[in-house]
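Enquirer: Please read through the structure below; I'll follow up with questions.
Laboratory data are not the source of any read-out in this text; all were calculated from the coordinates shown. Model, not experiment: these values are computed from the prediction. Every residue, glycine among them, receives a Cβ derived from its backbone with ideal geometry; neighbour counts consider all protein chains shown.
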């Protein structure tokens, strides 16, 4: 029935699904069977990612299987819809849906396009509009922060996707995990963190990781030289950049890099390295930094949702050479420029030596297809 063995095997595993949901799954599996034999990473900017060697079919089926394990959670009664969302969450990474030559691939773009397509493909099979909405919303927002704790299709999809990615890393030889590694492999299998059993959701806790050496003023002093520096510009986009509006945007990755180096300097190297190896702890540290900056009065609150739990969010970076659909989506902590003790004009002058920074025209919060109200109801 399917030319790829892994898809055929998965198809046999879901024969017990409700008929309309099984028919919807078949639509997605056939499209994946036709065009999914490509890398799960489709952009030049991520050419050094270990995920380059992961096949899109393998990743998609891996996420779907991880989603099926959520049957262990009796409070979640719609996990068949979760499987459909898993099958469709990255489906538009395939050729023909995004412009691979122009590197039109970022989290927000493939999620939005996949959500639109799945809405078109599945509306004739999922007659219940509420069920279709749940699937489309999950696909659209599966890279958005703040939903992982939810016991919804969206929340569980985010967890399944992360767990599948972790499993992919666990199966790679240590020599392939170069660049920005997400895990640290030890000598034996006991030292490798595995999430295949989907542990209970851990809500970010800004005070779960107290960095004894952290001081907001010192952090801002260390951050200031990195604003608009080429060292803080990666292949994906700027990690520390100012805007004429008086806000500096610093990625959570760059913020942790600063405290990691700082920790080694003041004798807390073991602590920061232990945190670096644990995704949940790194997430807690990002919230810790944000809350410390909030108490100091350095956060640009108007750039964040009106909820105290948010200290960072995904923003999109618009340049003269891209559009809102092809722009970079990155997680930034928005910081008031004046709290850095820097002059806005002086910081902007630093961009003159970098065409990449100079061509940035706008940075705005990423809201996604669903949040912008572009949902089609048929």
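Enquirer: If neighbour count is taken as other Cβ atoms inside 10 Å, put 351, 210 in order from fewest to most.
Expert: If I rank by nearby Cβ atoms, fewest first, I get 210, 351.
Enquirer: Sort 249, 79 by Cβ crowding within 10 Å, fewest neighbours at the top.
Expert: 79, 249
Enquirer: Could you put 221, 345 in order, starting from the residue whose Cβ has the fewest other Cβ atoms within 10 Å?
Expert: 345, 221
Enquirer: Still on this structure, I have one more. Between residue 296 and residue 338, what is the spin-label point distance in nm, taking each point 7 Å from the Cα along the Cα→C-beta axis?
Expert: 1.7
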